[in-house]
1. Place the peptides 64-75, 241-252 in order of packing, highest mean first, counting for every residue the other Cβ atoms within 10 Å and averaging per peptide.
2. Taking the Cα atoms of segment 170-250 alone, what are Rg (to one decimal) and Dmax (as a whole number) in Å?
3. Please state, as a whole number in µm²/s, the translational diffusion coefficient that the Stokes-Einstein equation yields for segment 43-99 at 4 °C and 1.567 mPa s, with Rh defined as the Kirkwood radius across alpha carbon pairs.
4. Per-residue ellipticity at 222 nm for the chain, helices alone: DSSP H runs ≥ 4 residues times -39500 (n - 2.57), over residue total, nearest 500 deg cm²/dmol?
5. Could you tally the net charge around residue 271, taking each other residue with its Cβ under 15 Å from the Cβ of residue 271, Lys/Arg +1 and Asp/Glu -1?
6. Give me P(r) over segment 220-294, computed from all C-alpha to C-alpha distances, binned every 5 Å, as integer percentages.
7. Could you estimate the translational diffusion coefficient of the chain from the Stokes-Einstein equation, with Rh from the Kirkwood formula over C-alpha pairs, at 20 °C and 1.002 mPa s, in whole µm²/s?
8. Of all the C-alpha pairs in segment 1-68, what % are more than 17 Å from each other?
Amino acid sequence: MRGYIPTKVVKTNPEFGVELALTVPYAYWLHKQGALETVITSKGMKPFYYFCDDVREEFSERTIDNAAAGLDELPNNWIHGINPLEEPAVLNYDEWTPPPYKEYYKNDEFNFDNKPLVFISSKYNLEHGETPLGFFDIQCLYDMFTELTRKGYVVIYKRATNREEFAIDQNEMNSIHQGYENIRADVEGIGNISDRQLPQFMEDVWLLDDIPNISDYSYNEFQLKVMANCDRFITVCGGNSILSSYFGGTVISYVHKGKELRPNYFGENSYFRKLSNANILPVYDVIGSVNKETYEHEVNQTGTNDYTKLLNTIKENF
């Protein structure tokens, strides 16, 4: 029988994905034990702690410094696992219970004529000083939008500008300062547009920010409500893929670099799987110019993205 657990205050401000994987499940576990007193978190995060009566958004900035972010006060302080070389992404799950976002936020308000939804998440940020490569360019988006709407899906596209109402980390701040705000391309018959403008020219494709009634909610509460009505997700790896993995269904995650390339990172004991038992389908586009260790994956030596495998995986699974 579990002994008495004193009430606790959970206080962290790490990167968004790290908070979703390490802090939120610990806070929810405490809640289920009747031991969660207060959550002190970053601006914009209250909807993720819906189960706590005392959520204080005291941090206006996040930090990529794990120690400074307060992670050492948690049962898990490293997102890549307690034994990251042999068992990557496997955490200590003794005090770790993901909240049921899909169950809590599912609604009848955002049903898009009862058509099935695909939620696509991208980003455009400096990657620890390196030029952004973990994103979907406009041609890739056009190809995805065309394929999915042809099959009868409504597509929701999210790519934050880093100027929304939530706290950002150093990589995101540096992206703003260095002008990485829009993914742009010349589109035949339209002209030069950004990725966030592309949905305006396509049927059954919505930019998340343009969906009616978004102003009725905070940004994060709104995206949680829309995502809760969805069973299919396409996302770049990182915080977006972690959030997508909270909602069950199928998650196609585009991985171009990093520790997520390690063998079995997305295995059955990975936190990615355990967030909601989602079917995680990693798609590897290992760009050689930004990877010192490629873990025996096929290497893309072009220095830029190759979305061929991604598009084929979408065609095969959606």
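1. Most protected by this proxy first, the peptides run 241-252, 64-75.
2. In Å, with Rg to one decimal and Dmax whole: 15.0, 39.
3. Here the translational diffusion coefficient equals 97 µm²/s.
4. -5500 deg cm²/dmol
5. Counting the neighbours of residue 271, the net charge comes to -3.
6. With a bin width of 5 Å, the distribution comes to 3, 17, 27, 23, 14, 9, 5, 1.
7. D, rounded to a whole number, is 106 µm²/s.
8. Every Cα pair in segment 1-68 considered, those over 17 Å come to 38 percent.
The values are calculated or read from the model by the stated rules, or taken from the named source; none is laboratory data. Bear in mind that the values here come from a model prediction, so they are computed numbers and not experimental data. Note: ideal-geometry Cβ built from the backbone for every residue, glycine included; neighbour counts use all protein chains shown. Quick note on the areas: whole protein, heavy atoms, side chains included, nothing else; ligands and nucleic acids left out. Shrake-Rupley method; radii C 1.70, N 1.55, O 1.52, S 1.80 Å.
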